[in-house]
1. Along the positive direction of the dipole of the chain (beta-carbon charges: Lys, Arg +1; Asp, Glu -1; about the Cα centre), which of Y83, I14, T70 reaches farthest?
2. Determine the dipole magnitude for the stretch 3-112: charges of +1 sit on the beta-carbon of Lys and Arg, -1 on that of Asp and Glu, nothing else is charged, the reference point is the Cα centre, and the result goes in debye to the nearest 20.
3. Can you give the angle from 0 to 90° between the axis of helix 70-86 and the longest principal axis of the chain, with both taken from C-alpha atoms, to the nearest 10?
4. Given only helices, namely DSSP H runs of n ≥ 4 each adding -39500 (n - 2.57), what is the per-residue ellipticity at 222 nm of the chain, to the nearest 500 deg cm²/dmol?
5. Suppose each label sits 7 Å from its Cα in the direction of the beta carbon; what would the A33-K6 distance come out to in nanometres?
6. Going through the cross-link list K6/K72; K29/K91; K57/K91, which pairs have a Cα-Cα distance over 30 Å in this structure?
Amino acid sequence: MAKHLKLGRRAEGIAVDYLRRNHYQILDKNYRAGKAEVDIIALDKQTLVFIEVKSLKKTQFGYPEEHINTHKTNMLSQAANQYQIDHNWEKEIRFDTISITFLPQAIKLEHFEDAFL
């Protein structure tokens, strides 16, 4: 597996642990709908949350959350729509981002609720 994929999987694991500690119920990971993918799908009380996890080793070229572009948000929206259809979900939804930076001295995690769309 390529280094950047290993880093991404590690970040997703850290994000899942964080979400569980904060009382989210994890429903799915790496959900695919065609070419679109959602990293984590979870319940926060009665809200279905679609979560994009972004990670970087350095902040030299910006922070992880700054690397989520319009194309990515459109793909997330497509996957989220399909998930709602597949699971007959008609209640509240939200799109969050979890940003993880692997710094030499620590791992920095930031959770942005209602980040886009």
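Laboratory data are not the source of any read-out in this text; all were calculated from the coordinates shown. This one's a predicted model, so the numbers in the text were calculated from it and none came from an experiment. Note that we place each Cβ from the backbone using ideal geometry, even for glycine, and neighbour counts take in every protein chain shown.
1. Positive-end residue among those listed: I14.
2. On the way: 17 positive and 14 negative charges, 112 e Å.
Magnitude of the dipole: close to 540 debye.
3. 40
4. Working: 2 runs with 36 residues, N = 117.
So the helix-based figure for the chain works out to -10500 deg cm²/dmol.
5. Taking the simple label geometry, A33 and K6 are separated by 3.3 nm.
6. On the way: K6/K72 20 Å; K29/K91 20 Å; K57/K91 37 Å.
As for pairs spanning more than 30 Å Cα to Cα, those are K57/K91.
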